[in-house]
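Report on the following structure.
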């Protein structure tokens, strides 16, 4: 693997012995149905690559829709085009909504070498820094997201998602999507990687871990942030801090994203970051406030940079914040272990909902990568209270309208499901095609 120094553009001035390969969701029949449809309750292998090699870039976009009413368009013709018709509802033509929870119910899983346990197991949205299931456009060095203005800050809104963290492997790499939702999910993807002829001796494996505490263990929700009463409490031990990462091994921590749902309607921050290196009982890395860790000040502003900032600001969606901090030029090294924590409010006085994705590299495959069940991952929503509608007996044309709708819905869902089944079968064939293409390219490269 090439040494991506701080001036990584310098790599472009040297030629290397490597073969670039891409695994993607392209339509292997040569037509334009360039997405995979992954059945509910199943796992799809996007790519299984034999090394030595390194993944340099992953691009994805996805869709998952709830059908609320029958569509007057032909399901057969509709399934033969790119799913652009699903982006907006034409009144009276179709009635579908983005599934509000699928970014948390669908998982991305990555496994290196012959390991039996994954190194990455994270909700799809949170891996790409989409917190609370609501995409917001932002740019950083390792990740960027671009969402259409109409779908930003909405649950399940569509977005393009990019990851540029390098992910090296010597023997094998496997990337999977696990659909723990109740309906199919569509995925477009590119996985761009390089092949090498010699194994890497100093390899550090990429890892990502999702964690959530809902609620955090707070003791003073009735006390306002930054008040004299709260600030009089000391916390030197870090007891009950929120934990981003607690792992053993040798490596370096390279950053995180944090999604906060704040209930007090004041300020969710003021908690210090406290990082314990190599079994420390008292942290040697101590911060001065949550916004300071994310390299802002006087609260979080609605802006971001290549390394840090805001993705979703609480001024856009009151009560919700998504922040990020990437240690690209300042990785936090550890030789035996690391525990990355932060107070939720000063001295942990707030009981908010926190969820985070931590990213790091280490010399061995980490243990303890696990995930909460889907029911415990769902984003909390503030929904409109609707008064109970009156109930009365329908007659005449009103009753006929309801009956016609029910009949049309039944017929539409049956016809639609046939096309869904066809697309899911096509996905199974494409999975095999991606494996075969990967093997073919590697074999030709190694023969040279």
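The values are calculated or read from the model by the stated rules, or taken from the named source; none is laboratory data. Just so it is clear, the structure is predicted and the values come from calculations on it, not from any experiment. Here the Cβ is made from the backbone with ideal geometry for all residues, glycine too, and neighbour counts use every protein chain on show.
Structure values in brief
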quantity: Residues of the range 324-344 classified as over 21 Å from residue 217 (Cβ atoms) and either part of a strand (DSSP E or B) or touching a residue at least 12 places away in the same chain (Cβ under 8 Å) (or both), total; calculated: 14
quantity: Filter result for residue 410 (in a helix (DSSP H, G or I), out of contact with any helix residue (DSSP H, G or I) (no Cβ under 9 Å at 6 or more places or on another chain) and either under 28 Å from residue 207 (Cβ atoms) or without any contact (Cβ under 8 Å) to a residue 24 or more places away in the chain (or both)); calculated: yes
quantity: The range 292-306, residues that are part of a loop (DSSP other than H, G, I, E, B) and within 19 Å of residue 146 (Cα to Cα); calculated: 302, 303, 305, 306
quantity: Failed criterion for residue 343 (all others in (1) touching a strand residue (DSSP E or B) at 6+ places or on another chain (Cβ under 6 Å); (2) assigned by TED's automatic domain parsing to the domain that holds residue 282 hold); calculated: (1)
quantity: Scan of the range 239-278 for residues that are farther than 27 Å from residue 140 by Cα and out of contact with any helix residue (DSSP H, G or I) (no Cβ under 9 Å at 6 or more places or on another chain), ordered by number; calculated: 248, 249, 263, 264, 265, 266, 278
quantity: Checking residue 226 against (1) part of a loop (DSSP other than H, G, I, E, B); (2) surrounded by 20 or more Cβ atoms within 10 Å (Cβ to Cβ), the condition it does not meet; calculated: (2)
quantity: Residue under evaluation residue 224, criteria (1) closer than 20 Å to residue 345 by Cβ; (2) in contact with a strand residue (DSSP E or B) (Cβ under 9 Å, 6 or more places away or on another chain), criterion not met; calculated: (2)
quantity: Qualifying residue in the range 245-262 (condition: in contact (Cβ under 8 Å) with a residue 24 or more places away in the chain, farther than 22 Å from residue 212 by Cβ and exposed (fewer than 15 other Cβ atoms within 10 Å of the Cβ)); calculated: no
quantity: Index of the failed condition, residue 51 passing every other in (1) over 25 Å from the mean Cα position of the chain (by Cα); (2) surrounded by 17 or more Cβ atoms within 10 Å (Cβ to Cβ); (3) over 30 Å from residue 446 (Cα atoms); calculated: (3)
quantity: Search result, residues across the range 191-214 that are buried (at least 16 other Cβ atoms within 10 Å of the Cβ) and assigned to a loop (DSSP other than H, G, I, E, B); calculated: 196, 203, 204, 214
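So that you can scan it fast, the table gives a plain yes or no per residue for (1) under 22 Å from the mean Cα position of the chain (by Cα); (2) crowded, with 17+ Cβ neighbours inside 10 Å; (3) not assigned by TED's automatic domain parsing to the domain that holds residue 146:
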residue	(1), (2), (3)
283	no, yes, yes
289	no, yes, yes
294	yes, yes, yes
312	yes, yes, yes
324	yes, yes, yes
333	no, no, yes
